[in-house]
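Each remark here refers to the structure printed beneath this line.
The values are calculated or read from the model by the stated rules, or taken from the named source; none is laboratory data. Being a predicted model, the structure only gives us computed values, none of them experimental. All Cβ positions, even for glycine, are placed from backbone atoms using ideal geometry, and neighbour counts span all protein chains on display.
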Amino acid sequence: MVKTLQKIIIIYSIVLLSTYNLYSQEKTNIAVAEFEGKGISAMDAGVVTDFIRTGFVKTGKYKVIDRNNMQLILQEQKFQITGCTSQECAVKIGKLLNVQKVVVGTISKLGSKYFINANIVDVETGQIIKSEKVKADSIEEFADKSEELAVLMTSGKVETINQISQTENVSEEIIGKDEVKMVLIPAGEFMMGSPEGEGEKDEHPQHKVYLDAYYIDKYEVTNEQYAKFLNEYGKHTDENGQKMIYKHKWGVKKSGGRWQPASGYEKNPVVNVTWYGANQYARYYGKRLPTEAEWEKACRAGSTTKYCFGDVESELGEYAWYEKNSGGMTNPVGRRKPNQYGLYDMHGNVWEWCSDWYDEKYYRISPDKNPEGPDKGSYRVLRGGSWYSVASNCRSSNRYWVNPDVWDFSYGFRCVSPVRTQ
């Protein structure tokens, strides 16, 4: 089957490349490096890489370097052709081949499913400018999926990515005990932090992190949800006597012995909540606050750019309430565009409490699997920016920290929950 597919691909690619070269003089030169196979044979990985290469040809947007020419040049330079998945390796290949962009990635098998994770790297800057994932039921299905992948990667906007679960038959959405929708975040790796030359000092070094699958609230916790919790819980201090919430005209207040959401702000995110108040809400409903790593992976949703949708700051207002469009206050949750995981307001609206203690240098020693933050500290972490934040503070990798007993009309939260298998 594989040999037959290879013959079809070779014939198909020759025809497409021959036609395409007539019109490619002014198009960007791009090379598709051999994708790394994980759980599949090198031959199958090569077949799928050919599918992807052909998919890029069919978009008509690039001049795609021929595989044979690419291999010849790299072999002459004694360059290892396989196993190139990093940005640094892509830049080296790009310079040797004299192309502007290089596509690198992996092809993985999980259970009976196959997954492609692909990145386009700009050779001049060394930055990933586009990242996408697709899945298929078989190697053969990638003949069609490769074109879909290429179209997604050459389009101006980020499209929905497919989610990978740790186990079969895991729901992609559940309803928590607080009657809040939660979205599955698949197990796997992501790049945490900012690349060199970007972001703040505490966002470095950028590093690879693996997380088990988990669920996260689709929306920030609202005033009406938090008021309901306070009335059920019966007090405004946590189990250790720490104050949880302070009333606010956009938040919650006590009236007639019961907590009520401010009129007209029922669907706005709760504010003036301390870390203790966010943590107690999560515990009460059998949830917890997200770790920094869990929060950032959920926010990025497969992206490696400054924001979940890319690097173009002018597009932030489509996804976030921040200083330029918020009207100087919080806004109802779920009114801006969701990210690729279907999560709303991960950028802006309110800062979101995380479970971690803050340490400026933690990324230097952070474990590469399920990091939970330092064992102790003075400050707790907040993520995502808020309604009054400048755009740079809403970046996926931006870190903020305050004392856990501090409250503000820009501080809120959402919760996570583990994936429980049958």
task: Would you check which residues across the stretch 266-288 are among the aromatic types (Phe, Trp, Tyr), surrounded by fewer than 24 Cβ atoms within 10 Å (Cβ to Cβ) and either outside the structural domain of Pro404 (by TED's automatic domain parsing) or not in a loop (DSSP other than H, G, I, E, B) (or both) and list them?
output: Tyr276, Tyr284
Qualifying residues in the stretch 364-422 (those that are β-branched (Val, Ile, Thr) and farther than 14 Å from Thr274 by Cα) - the one modelled with the lowest pLDDT: Thr421
query: Is it the case that the stretch 326-333 has a residue that's at pLDDT 95 or above and in a strand (DSSP E or B)?
result: no
query: Which condition does Val57 not pass, out of (1) touching a Leu at 6+ places or on another chain (Cβ under 6 Å); (2) more than 18 Å from Lys130 (Cα to Cα); (3) at pLDDT 80 or above, if it passes all the others?
result: (2)
task: Tell me, yes or no, whether the stretch 242-252 has at least one residue that is assigned to a strand (DSSP E or B), touching a Ser or Thr at 6+ places or on another chain (Cβ under 9 Å), of a type in the set (Phe, Trp, Tyr) and modelled with pLDDT of 95 or more.
output: no
- line: Within the stretch 98-150, restricting to residues that are β-branched (Val, Ile, Thr), farther than 19 Å from Gly46 by Cβ and more than 20 Å from the chain's Cα centre (by Cα), the one that is modelled with the lowest pLDDT is Thr125
- prompt: Taking the stretch 318-331 on its own, how many of its residues are crowded, with 17+ Cβ neighbours inside 10 Å, within 26 Å of Tyr276 (Cβ to Cβ) and not β-branched (Val, Ile, Thr)?
  reply: 2
field: From the options Tyr400, Tyr388, Tyr363, residue that is in a strand (DSSP E or B) and over 14 Å from Glu220 (Cα atoms)
entry: Tyr400
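This table checks each residue for (1) closer than 26 Å to Met244 by Cα; (2) surrounded by 21 or more Cβ atoms within 10 Å (Cβ to Cβ); (3) not assigned by TED's automatic domain parsing to the domain that holds Gly348.
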residue	(1), (2), (3)
Pro290	yes, yes, no
Glu294	yes, yes, no
Lys297	no, yes, no
Gly302	no, yes, no
Val312	no, no, no
Leu316	no, yes, no
- request: Would you mention how many residues in the stretch 375-396 are crowded, with 24+ Cβ neighbours inside 10 Å, within 14 Å of Asp202 (Cα to Cα) and of a type in the set (S, T, N, Q)?
  value: 1
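Listed here are the residues, each with its yes/no results for (1) touching a Pro at 6+ places or on another chain (Cβ under 7 Å); (2) over 20 Å from Ser410 (Cβ atoms).
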{"site": "Gln340", "(1), (2)": "no, yes"}
{"site": "Trp351", "(1), (2)": "no, no"}
{"site": "Trp357", "(1), (2)": "yes, yes"}
{"site": "Leu382", "(1), (2)": "no, no"}
{"site": "Ser386", "(1), (2)": "no, no"}
{"site": "Ser392", "(1), (2)": "no, no"}
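For the stretch 40-117, give me every one of the helices (runs of 4 or more DSSP H) that falls completely inside it and has 1 or more residues that are polar (S, T, N, Q) and touching a Phe, Trp or Tyr at 6+ places or on another chain (Cβ under 9 Å).
Result: 42-59.
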query: For Val183, are the conditions met, namely being aliphatic (A, V, I, L, M), surrounded by 15 or more Cβ atoms within 10 Å (Cβ to Cβ) and modelled with pLDDT under 80?
result: no
task: Tally the residues that are polar (S, T, N, Q), assigned to a loop (DSSP other than H, G, I, E, B) and either over 30 Å from Met153 (Cα atoms) or at pLDDT below 95 (or both), restricting the search to the stretch 340-360.
output: 1
Positions within the stretch 190-240 being among the β-branched types (Val, Ile, Thr) and within 30 Å of Pro367 (Cα to Cα), in sequence order: Val209, Ile216, Val221
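Can you tell me which residues in the stretch 312-323 are part of a loop (DSSP other than H, G, I, E, B) and over 29 Å from Asp405 (Cα atoms)?
If the condition is that a residue be part of a loop (DSSP other than H, G, I, E, B) and over 29 Å from Asp405 (Cα atoms), then Val312, Tyr319 are the ones that fit.
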Pick from the stretch 60-84, criterion closer than 17 Å to Ala118 by Cα and at pLDDT below 80, ranking: nearest to the chain's Cα centre (by Cα): Gly83
task: Would you point out which residue out of Tyr285, Tyr379, Tyr322 is aromatic (Phe, Trp, Tyr) and either touching a helix residue (DSSP H, G or I) at 6+ places or on another chain (Cβ under 7 Å) or within 22 Å of Met191 (Cα to Cα) (or both)?
output: Tyr322
- request: Count, please, the residues in the stretch 198-227 that happen to be surrounded by fewer than 21 Cβ atoms within 10 Å (Cβ to Cβ) and over 21 Å from Val183 (Cβ atoms).
  value: 11
field: Single match in Glu224, Glu296, Glu220 (criterion: part of a loop (DSSP other than H, G, I, E, B), among the charged types (D, E, K, R), touching a residue at least 24 places away in the same chain (Cβ under 8 Å) and closer than 27 Å to Lys337 by Cα)
entry: Glu220
